[in-house]
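Trainee: Structure in structure tokens, see below.
No lab work stands behind these numbers, since they all come straight from the coordinates. No experiment lies behind these values; they were computed from the predicted model shown. Quick reminder, even Gly has a Cβ in these numbers, built from the backbone with ideal geometry, and neighbours come from all protein chains shown.
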Amino acid sequence: MVKPTLKIKGFAIYKGFLDRLAQERLVEDIRQVAQAAPFVSPITPSGQKMSVRMTAAGPYGWITDRRGYRYAKHHPNGQAWPDMPPSVIQIWQNISEAARAPECCLINYYSEAARMGLHQDKDEASFDWPVVSVSLGDEALFRMGGETRGDPTQSVWLASGDVVVMGGAARRSFHGVDRIKFGSSALLSKGGRINLTMRIVT
């Protein structure tokens, strides 16, 4: 098993886990997913439009609207989510140490102005399983805190090909993306960042 480059607040960070060819192949797989399940601009339960655009692959996708945050078996357009690409499952198998396969690959696209406020991933049935996060494209300033929103935080720049595993105590930790270093990567033709997060839902 590959050892993490950094461990911050229980977050295991693997710098450069994916080489350029693997990143390009993964982007092409994501394009195929997005053809079947187009990116949407989600609305929070309070009616606020999120700055990231989202889609998903696997048995479940994560969605949000006026009815709340939740996992669902169908895209907002009513169609079932496409299958998770083998390239995504392979990353999970190589790094997660989990005995179960992921049930959701949430795909977020960050444009130049997009961000993700501090939040916890807590809609899954159990905190026993890790969340595996993959960065593609422009660098992102990733912030990690503790189990309460007011706990001290630390930040690290995530580059294209970096992978973060949130397991153990980190599963309950607040985290977010403060900003994107737009144009820092040539992986995506129009710039921006794609983030994949693989989760076990049930």
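Trainee: About the Cα centre, and with charges only on the beta carbon of Lys, Arg (+1) and Asp, Glu (-1), how big is the dipole of segment 1-93? Nearest 20 debye, please.
Mentor: So the magnitude is around 440 debye.
Trainee: Only four residue types carry charge here, +1 at the Cβ of Lys and Arg and -1 at the Cβ of Asp and Glu. Report the dipole size of segment 16-67 about the Cα centre in Debye, rounded to the nearest 20.
Mentor: 280 debye
Trainee: Pairs on different chains or at least eight residues apart, Cα atoms closer than 21 Å: how many lysine pairs in segment 6-199 fit?
Mentor: 6
Trainee: Could you point to the residue in Trp129, Pro85, Ser51 farthest towards the positive end of segment 6-199's charge dipole, with +1 and -1 charges on the Cβ of Lys/Arg and Asp/Glu respectively?
Mentor: Result: Ser51, furthest along the dipole toward the positive end.
Trainee: Give me, ordered by chain and number, the residues 5 or more places off Arg115 or on other chains with an amide H under 5 Å from its own placed amide H.
Mentor: Hits under the 5 Å cutoff: Ser51, Val52.
Trainee: Starting at the first residue of segment 115-122, write each ³J(HN,Hα) from the Karplus equation 6.51 cos²θ - 1.76 cosθ + 1.60 with θ = phi - 60°, in whole Hz, x for Gly and Pro.
Mentor: Result, rounded to whole Hz: 8, 9, x, 4, 7, 10, 8, 9.
Trainee: Another question about this same structure. Whole-Hz Karplus ³J(HN,Hα) for segment 54-65, in order, using 6.51 cos²θ - 1.76 cosθ + 1.60 and θ = phi - 60°, x for Gly and Pro?
Mentor: 9, 8, 7, 9, x, x, 10, x, 9, 9, 9, 7
Trainee: Rounded to the nearest 500, what is the 222 nm mean residue ellipticity of the chain from helices alone, with -39500 (n - 2.57) per DSSP H run of 4+ residues and division by all residues?
Mentor: It comes out at -4500 deg cm²/dmol, rounded to the nearest 500.
Trainee: Any idea which of Val164, His74, Gly176 is furthest toward the positive side of the dipole for the chain, if Lys and Arg beta-carbons carry +1 and Asp and Glu beta-carbons -1?
Mentor: Highest projection toward the positive end goes to Gly176.
Trainee: As a footprinting exposure proxy, order Tyr60, Tyr71 by other Cβ within 10 Å, with the fewest listed first.
Mentor: Going from sparsest to densest Cβ surroundings: Tyr71, Tyr60.
Trainee: Separation of segment 78-115 and segment 132-202 by C-alpha centroid, Å?
Mentor: 14 Å
Trainee: Something else now. Return the tail of the calculated pair distribution for segment 13-130, meaning the percent of Cα-Cα pairs more than 24 Å apart.
Mentor: Tail of the P(r) past 24 Å holds 30 percent of the pairs.
Trainee: What dipole magnitude, in Debye to the nearest 20, does segment 6-199 give about its Cα centre under +1 on Lys/Arg Cβ and -1 on Asp/Glu Cβ?
Mentor: Roughly 460 debye for segment 6-199.
Trainee: With Rg and Dmax of the Cα atoms in Å in mind, check [x] 24.1, 92; [y] 15.5, 43; [z] 27.5, 98 and report the label derived from this structure.
Mentor: Matching the structure shown: [y].
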